[in-house]
Amino acid sequence: MSARSAAPLARATHLAIHALPAFLAVGGLILAWEAYVHLSGVAPGTLPAPSRVVIQGFAQREALWQNTVPTLQATLFGFALSLSSAFVFSVLIDFIPFMRRALFPVFIISQTLPMVAIAPLVVLWFGFGLMPKIGLVALVTFFPILVALVQGYAATEKELETLLRAMGANAARVFLTARLPSALPYFFAGLRIAITYAVVAAIFAEYSGAARGLGIYILNAKNSFRPDLVLAAVLVSSALTLCLFAVAAAIEYAATPWRHAGKASRR
Amino acid sequence: MKPLLSIDSVGMRFDALQVLNDISLRVAEGEFVTILGPSGAGKSTLFQLLLGEHRPTSGAITFRCAPLERKTNAFAYMPQRDALMPWRRIIDNLTLGLEVQGMPRKAAREKVRPLLPEFGLEGFERHYPSQLSGGMRQRAALLRTVVQDRPMLLLDEPFGALDALTRTRMQAWLETLWAHHSWTAMLITHDVREAVHLSDRIYVLSARPGRVLREIPVALPRPRTADPATARRAQAIEADILDFLLKHTTP
């Protein structure tokens, strides 16, 4: 009993020790930056101190929040679009070899398009609304998820499939019972990569033209010589990405319970 | 007695590689038959032919006096290693075959539950495979196989991945298990002792291309490990087969 009640505390301590170097590194960097700004006397219009970024950002919190909502919307809808389409295409590719040969080159070419060139064009074609942002987020996040799924299916143990076929399973059953669950860890690895791209893609799309959003907020702040507000918006976007990352990690944890189940006592 | 399964002059080649050469063997109802041979003798290929993963390039396979269908319900297959699905709890792994055959989950669980104690898995239904020891996982894999109620079991080196001590325990356990059930089984192994302890008949296969070198009946009373006199006779047969293998197969 005592071992069980002590376990969460031990785990918390372990986690704290584990995270300590990261906190020290980030904290040290911010402190050095703050110190440099004060000691060198650089103008806040050139390089604002972290404290100024936070204070000014807080003063502007309403405007920041109003511009965060559309960015978050673009990110989430874009992500939903890329997740669903990546799944559909991954299944097509898995079942029909012809589709793999036909589609993969197209997808790879889509990854070679430079965002700088494509984003303004997409805005030109689809206007200043939410649509082009969703499209760009989907374009950027689609490929890592698709590749992860296709690789995950291929990583299925051969013996599982032979076993299922010997039991009388058809191809659809083999896919649902063996290939899809086998791909889950790969899928979540791809998801984590895609998430780090998603917010950045949304901001970039807004930067090329939008009514509201963090991207346009950053552009305006830059044009009115407010690097402190640029950095405040960057802070918000980083926080957004980290939050999405944490949500993905939580979903992964809940969806793959067998990966962190404790050892049973042998008998 | 009419054989349940009969394999007649079966050969198998993959492109230029001749894997099996003129294999003929029979399995009667209730019989435990072992295919014993060196690694790479095409033993697993033989199972793939039975399971319809490939078609033999020559010869015929007959099951219950009819040519074996490609999609057959004749066999319950236990692959090398346990092939338990890590994302399924033990109970869901055990019911897998029944569910694939269309049995509702609840009925499948009710069919599996009474067998748990005999397989030493009682109380572990809710565990994941990774939480179990190697021996337990292997017992689970066997239970998943036998619960399908197919006419014949195909066991592909079921204990190959276990340590020597666990393997010996598992073989003794399997012996007692066989005394209570009249399952028909074909076992693939390269472990001579395992073959002698478990089989009614042993077919010794050559190195690739695999062909039957010798057929050895093991007419020993069961259980074979408990009684010292039987154990000695088993040892003599084992030594004889080992000697034969050493002479007739080159590595």
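The values are calculated or read from the model by the stated rules, or taken from the named source; none is laboratory data. This one's a predicted model, so the numbers in the text were calculated from it and none came from an experiment. Virtual Cβ from ideal backbone geometry, glycine too; neighbours counted across all protein chains shown.
Structural remarks
- Considering the conditions (1) over 13 Å from the mean Cα position of the chain (by Cα); (2) buried (at least 19 other Cβ atoms within 10 Å of the Cβ), B:ASP149 is excluded by exactly one of them, (2).
- Residue within segment B:101-109 that is touching a Lys or Arg at 6+ places or on another chain (Cβ under 8 Å), of a type outside the set (D, E, K, R) and facing another protein chain (nearest Cβ under 9 Å) present: no
- As a summary of the residue check, B:ALA185 satisfies the conditions (1) farther than 25 Å from B:LEU49 by Cβ; (2) surrounded by 18 or more Cβ atoms within 10 Å (Cβ to Cβ); (3) small (Gly, Ala, Ser) except for the one numbered (1).
- Condition broken by A:ALA178, with the remaining ones in (1) part of a helix (DSSP H, G or I); (2) within 26 Å of B:MET78 (Cα to Cα); (3) touching a Lys or Arg at 6+ places or on another chain (Cβ under 9 Å) satisfied: (3)
- Some residue of segment A:86-93 being over 30 Å from A:ILE216 (Cα atoms), small (Gly, Ala, Ser), surrounded by 14 or more Cβ atoms within 10 Å (Cβ to Cβ) and touching a residue at least 24 places away in the same chain (Cβ under 8 Å): yes
- Elements of type helices (runs of 4 or more DSSP H) in segment A:60-171, at least 1 residues being within 14 Å of chain B (Cβ to nearest Cβ) and touching a helix residue (DSSP H, G or I) at 6+ places or on another chain (Cβ under 7 Å): A:131-154, A:158-167
- Of the residues making up segment B:176-191, those that are away from every other protein chain (no Cβ under 14 Å), under 11 Å from the mean Cα position of the chain (by Cα) and aliphatic (A, V, I, L, M) number 2.
- Filter result for A:PHE175 (in contact (Cβ under 8 Å) with a residue 60 or more places away in the chain, within 14 Å of chain B (Cβ to nearest Cβ) and under 30 Å from B:GLN101 (Cβ atoms)): yes
- Restricting attention to segment B:80-101, the residues that are of a type in the set (S, T, N, Q) and in a helix (DSSP H, G or I) add up to 1.
- For B:GLY52, the criteria (1) in a loop (DSSP other than H, G, I, E, B); (2) away from every other protein chain (no Cβ under 14 Å); (3) surrounded by fewer than 21 Cβ atoms within 10 Å (Cβ to Cβ) hold in every case but one, which is (2).
- Residue check for A:ALA119: within 18 Å of A:ALA74 (Cβ to Cβ), crowded, with 21+ Cβ neighbours inside 10 Å, touching a residue at least 24 places away in the same chain (Cβ under 8 Å) and among the small types (Gly, Ala, Ser): yes
- Among the residues of segment B:152-175, those that are crowded, with 19+ Cβ neighbours inside 10 Å and within 13 Å of another protein chain (Cβ to nearest Cβ) comprise B:MET152, B:LEU153, B:LEU154, B:LEU155, B:ASP156, B:GLU157, B:PRO158.
- Flag if A:VAL200 is under 13 Å from the mean Cα position of the chain (by Cα), among the hydrophobic types (A, V, I, L, M, F, W, C) and part of a helix (DSSP H, G or I): yes
- Filtered residues of segment B:7-36 (kept if among the basic types (Lys, Arg) and either closer than 15 Å to B:LEU49 by Cβ or touching a helix residue (DSSP H, G or I) at 6+ places or on another chain (Cβ under 7 Å) (or both)): B:ARG13
- Residue among A:VAL230, A:VAL199 that alone is within 19 Å of A:PHE79 (Cα to Cα), at pLDDT 90 or above and of a type in the set (A, V, I, L, M, F, W, C): A:VAL199
- Neighbours by Cβ (under 6 Å, 6+ apart or cross-chain): first from segment B:9-25, surrounded by 12 or more Cβ atoms within 10 Å (Cβ to Cβ); second of a type in the set (Phe, Trp, Tyr) and in a strand (DSSP E or B): B:LEU25/B:TYR203
- Index of the failed condition, B:LEU96 passing every other in (1) modelled with pLDDT under 90; (2) within 9 Å of chain A (Cβ to nearest Cβ): (1)
- Among residues that are assigned to a helix (DSSP H, G or I), under 10 Å from the mean Cα position of the chain (by Cα) and more than 26 Å from A:ALA155 (Cβ to Cβ), A:VAL236 is not included.
- Test for B:ARG70: is it surrounded by fewer than 14 Cβ atoms within 10 Å (Cβ to Cβ), away from chain A (no Cβ under 14 Å) and in a loop (DSSP other than H, G, I, E, B): no
- Just one residue in the set B:ALA76, B:ALA83, B:ALA41 is at positive phi and crowded, with 23+ Cβ neighbours inside 10 Å; that residue is B:ALA83.
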